[in-house]
Amino acid sequence: MLTSLPNILTLSRIAVIPVIVALLFFPGKWSAWTALGLYAAACITDWFDGYLARIWREESLIGKFLDPIADKLLVAAVLMMLAAVGKIAGLAVIPAIIILLREVMVSGLREFLAGLRISLPVSQLAKWKTGIQMGAIGWLIVGADGPEGWPVTLIGEVGLWLAAALTLLTGWDYLRAGLRHMLNPQG
């Protein structure tokens, strides 16, 4: 089932990460806009792979395993790279750290609950968080290389703060749900 189109889209999201990271090493409009294009394509596959798997009834265990990993790898790698090249700096590093910490916590929580054979469904608010986060990161990828006169970095930073706020809310919701199972494993 690894060769189904939904899984190939997920794998392509993982494969493009090193290219985006490499492009962010190079200053200038060409590399920023190319990185944004690849990042946007990766973000689109995040929605498209799940949609296709559902409508074609090709949902697979490997897809369910790889999809959240691909998302987290993409977000973590790009956020770290944006900080490394100074496109995220100062106080804007705080929401990036909040987002990364939440991703680690939710991954660990999902792994723990999987051992108990309990799934942790994605909430609607978490989907909004993901959309805002992806958009904010896209603005930050372009940053100062955006259209002249546009507050591109500011838009990205505001979006990142909003995503971090939603990250805290959804992270708390997931943690609360997980704690119920941790504190009362039979119920």
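Points to keep in mind about this one:
- 0 to 90° range, to nearest 10: angle between helix 93-115 axis and the chain longest Cα axis: 20
- Isotropic mean projected area of the C-alpha convex hull, segment 32-88 (nm²): 4.2
- Relative to the longest principal axis of the Cα atoms of the chain, helix 152-183 runs at roughly 10 degrees.
- Quarter the surface of the alpha carbon convex hull of the chain and you get the mean projected area, 11.2 square nanometres.
- Here, segment 64-109 yields an orientationally averaged convex hull projection of 3.1 nm² when only Cα atoms define the hull.
- Whole-percent carbon and sulfur share, accessible surface of the chain, 1.4 Å: 72
- Surface analysis of the chain yields an accessible area of 56 Å² per residue, using protein heavy atoms and a 1.4 Å probe.
- Averaging 1/r over every pair of different alpha carbons in segment 107-184 and inverting the result gives a Kirkwood radius of 14.1 Å.
- Relative to the longest principal axis of the Cα atoms of the chain, helix 5-15 runs at roughly 50 degrees.
- For the chain, a Gaussian network of Cα nodes joined below 10 Å ranks 98, 20, 44 by mean-square fluctuation, and the top entry is 44.
- Semi-axes of the equivalent ellipsoid for segment 45-147, computed as √(5λ) from the eigenvalues of its C-alpha gyration tensor and ordered from largest down, come to 28, 17, 11 Å.
- Summed residue charge, Cβ within 11 Å of residue 45's Cβ, Lys/Arg positive, Asp/Glu negative: -3
The values are calculated or read from the model by the stated rules, or taken from the named source; none is laboratory data. Bear in mind that the values here come from a model prediction, so they are computed numbers and not experimental data. All Cβ positions, glycine included, derive from the backbone under ideal geometry; neighbour counts span all protein chains shown. Ligands, DNA and RNA are excluded from the accessible area calculation, which covers all protein heavy atoms including side chains. Shrake-Rupley method; radii C 1.70, N 1.55, O 1.52, S 1.80 Å.
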